[in-house]
Amino acid sequence: MASDDLWILGIHMTKFGKHTDLDVIDLASEAAMGALADGGVTMADMGVLAAGCLMQANAPIGQMLQKQIGQTGIPVYNVSNACATGATALRVAAMAVKAGEADFGLAVGVEKLAGAGLLAGGSRKDDAPTWTPKGRYGAVAPVDGRIGTEIMPGVFAQIGMEYGHRYGGTSFELFARISEKNHAHSTLNPLAAYQKRFTLEEIMGDLMIAYPNTRPMCSANTDGAAAVVVTSGAKLRTLSLEQQRRAVKVSASILTSDPWTESCQVLPDVNTLTRNAATAAYEASGVSPADLDLVELHDCFATAELVHYDNLMLCPDGGAVDFFESGAPFRDGRLPVNVSGGLQSKGHPIAATGIANIWEVATHLRGEAGDRQIEGAKVGLAHVIGLGSACGVHILEKAAV
Amino acid sequence: MTATIPLVDYLVLGDQPHLEAHECEACGARFFDRRNACAHCSGTTFRPAAIPTEGEVRAFTIVAFAAPGIDVPYVAAVVDCAGTSVRANLINVAPDPEHVHLGMKVRLATYPVGADSDGTEAIGFGFEPIS
């Protein structure tokens with residue numbers, strides 16, 4: 001291993017779901033202590049801590065965690081980057097290690113979200129008694145529902161429909177079948193919030209949220225946390241053979257924001273920044289999409305998964321529908337996608353998601369995924385999108401030891 | 001005659017209602033909110049640009065679940081008006097997948113949002129099918 005390589009030494013995720021009696025500190029502590037134990041290290045070894053909790057983005061979540069599991073005086077970075085918060089925390093720890101400022105870095109993402117409803121557009125202010133232009137659009141009244149929609153299921157529905165308009169081949173049923181796949185995958189993941197298999201009819205007949213996304217086609221609001229310990233190749237060489245064997249190489253760690261495109265301020269463009277991140281990640285790692293054994297991508301809605309097959313270049317341009325129809329992204333297919341069950345069934349505790357997807361890939365690369373193990377997995381990719389927008393792409397490789 | 005006010009300042013009322021964007025003088029990028037600089041090229045000078053009132057539906061969703069006070073279902077869409085993307089609801093069409101299609105041709109239409117306590121009527125906009 002090269003000295004300046006970046007490695008995951010330990011990683012952990014909690015069960016996602018409803019943890020009535022646990023608060024964010026309990027969940028973050030469980031994840032962090034789990035990652036430290038998994039890596040065979042302690043808080044005393046950590047040189048940097050990065051932490052995120054989107055719903056408590058004003059809180060010093062990292063310091064609150066330290067006060068539960070170890071106040072060692074190291075620098076703490078509390079980060080917030082929408083649904084990419086966890087990946088951003090990892091990037092911060094990784095940058096500190098790469099810069100030589102720390103031998104070990106700990107990144108933690110945690111969220112309490114069980115029972116939350118719509119995260120955007122869940123309420124609308126009453127109209128004022130008199131019409132007075134306000135804000136950057138000079139609006140005299142709230143515009144959600146009057147000029148398009150602010151709700152995420154509706155925004156991502158349009159993103160999937162836009163792909164269909166551009167390339168054809170999409171339908172309500174196609175999007176529902178993507179959801180059917182992920183719910184089927186979830187039955188093998190004991191950490192998923194929901195492990196229920198749905199029939200296509202059940203998915204299409206469930207409560208419509210924003211056509212074509214019905215309720216089971218939307219990510220599940222859940223509680224959960226995930227944490228990861230990273231270190232350098234130089235440091236890893238000094239550790240035990242067992243630690244070296246279980247370490248997972250971070251061959252690429254990329255974060256992008258959305259560059260300007262014609263319509264990006266009308267409907268978020270989640271495509272360009274994902275494609276940019278994937279391109280940079282493939283280039284940095286020397287890995288090509290054909291080398292991947294599994295992918296965890298940000299299926300916040302069934303309509304989103306489709307576009308990311310294309311954005312991550314798992315298929316030729318415009319070929320996402322054919323890619324799905326070929327059976328490739330099923331767990332017994334050529335390139336399994338979201339074998340964890342994805343956010344629709346595993347759950348989406350926002351700040352935890354960008355580390356939990358890496359946990360899933362790492363667990364397969366280590367050969368420790370139990371009943372859902374993708375046999376012989378050596379290379380995987382984890383993708384996350386935070387609307388606004390931020391995209392994290394990590395390419396991970398099994399240790400050669 | 002009742003006093004009127006547009007729902008947003010980029011809706012121009014009058015005989016031929018239309019939307020008006022801030023167009024970057026340097027690169028031509030168009031924006032509907034007030035600007036400090038261009039997000040594409042960082043240019044700082046803009047001119048008004050009238051947006052064509054006809055276009056085609058590039059993306060839509062039929063929102064069935066929304067905040068209290070918002071009538072559902074309604075159709076939220078992105079309309080491609082000759083190269084400029086516009087966010088709007090589709091109106092004067094049944095909000096179901098049998099009547100709303102990707103690629104359907106639509107035109108700008110206005111409607112009364114309601115009157116305030118002074119009797120001023122706010123006018124909103126949407127796009128309706130070109131039959």
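The values are calculated or read from the model by the stated rules, or taken from the named source; none is laboratory data. This structure is a prediction, so every number in the text was calculated from the model and none was measured. Please note: Cβ atoms are built from the backbone with ideal geometry, for glycine as well, and neighbour counts cover all protein chains shown. Side chains are part of the model used for accessible areas, which takes the heavy atoms of the whole protein and leaves out ligands, DNA and RNA. Shrake-Rupley method; radii C 1.70, N 1.55, O 1.52, S 1.80 Å.
Filter the stretch B:55-92 down to residues that are under 20 Å from A:Asp127 (Cα atoms) and among the β-branched types (Val, Ile, Thr) and give me whichever is most open to solvent (accessible area, probe 1.4 Å). Among those residues, the one meeting the criterion is B:Val72.
Only one of the listed residues (A:Leu306, A:Leu396, A:Leu314, A:Leu381) is in a loop (DSSP other than H, G, I, E, B), in contact with a helix residue (DSSP H, G or I) (Cβ under 9 Å, 6 or more places away or on another chain) and buried (at least 22 other Cβ atoms within 10 Å of the Cβ). That residue is A:Leu314. Taking the stated definitions as given, is A:Val110 touching a strand residue (DSSP E or B) at 6+ places or on another chain (Cβ under 9 Å), farther than 18 Å from B:Pro68 by Cα and touching a residue at least 24 places away in the same chain (Cβ under 8 Å)? Yes; evaluated as a whole, the condition is true for this residue.
When every residue of the stretch A:127-135 is checked against the conditions, none turns out to be among the aliphatic types (A, V, I, L, M), open to solvent by 30 Å² or more (accessible area, probe 1.4 Å) and more than 9 Å from chain B (Cβ to nearest Cβ).
Count of the stretch A:155-184 residues, restricted to those that are more than 14 Å from chain B (Cβ to nearest Cβ), open to solvent by 10 Å² or more (accessible area, probe 1.4 Å) and in contact with a Lys or Arg (Cβ under 8 Å, 6 or more places away or on another chain), is 1.
Every condition in (1) under 17 Å from A:Arg136 (Cβ atoms); (2) under 14 Å from the mean Cα position of the chain (by Cα); (3) open to solvent by less than 70 Å² (accessible area, probe 1.4 Å); (4) away from chain A (no Cβ under 11 Å) is met by B:Ala37 except one, and the failing one is (2). Does the stretch A:279-295 contain any residue that is closer than 23 Å to A:Ser171 by Cβ and polar (S, T, N, Q)? Within the stretch A:279-295, not a single residue is closer than 23 Å to A:Ser171 by Cβ and polar (S, T, N, Q).
For the stretch B:87-104: of the residues being among the small types (Gly, Ala, Ser) and within 8 Å of chain A (Cβ to nearest Cβ), which is farthest from B:Pro73 (Cα to Cα)? It comes out as B:Gly103. One residue alone among B:Gly69, B:Gly83 is of a type outside the set (A, V, I, L, M, F, W, C), modelled with pLDDT of 95 or more and out of contact with any strand residue (DSSP E or B) (no Cβ under 8 Å at 6 or more places or on another chain), and that residue is B:Gly83. Of the candidates A:Ala277, A:Ala226, A:Ala252, A:Ala290, the single residue that is outside any strand (DSSP E or B), closer than 30 Å to A:Asp332 by Cβ, open to solvent by less than 10 Å² (accessible area, probe 1.4 Å) and modelled with pLDDT of 95 or more is A:Ala277. The set of residues from the stretch A:49-68 being crowded, with 19+ Cβ neighbours inside 10 Å, more than 19 Å from A:Leu255 (Cα to Cα) and among the hydrophobic types (A, V, I, L, M, F, W, C) comprises A:Ile61, A:Met64, A:Leu65.
In the condition set (1) open to solvent by 10 Å² or more (accessible area, probe 1.4 Å); (2) free of Cβ contacts under 8 Å to residues at least 24 places away in the same chain; (3) within 8 Å of chain A (Cβ to nearest Cβ); (4) not basic (Lys, Arg), B:Phe31 is compliant with all but (1).
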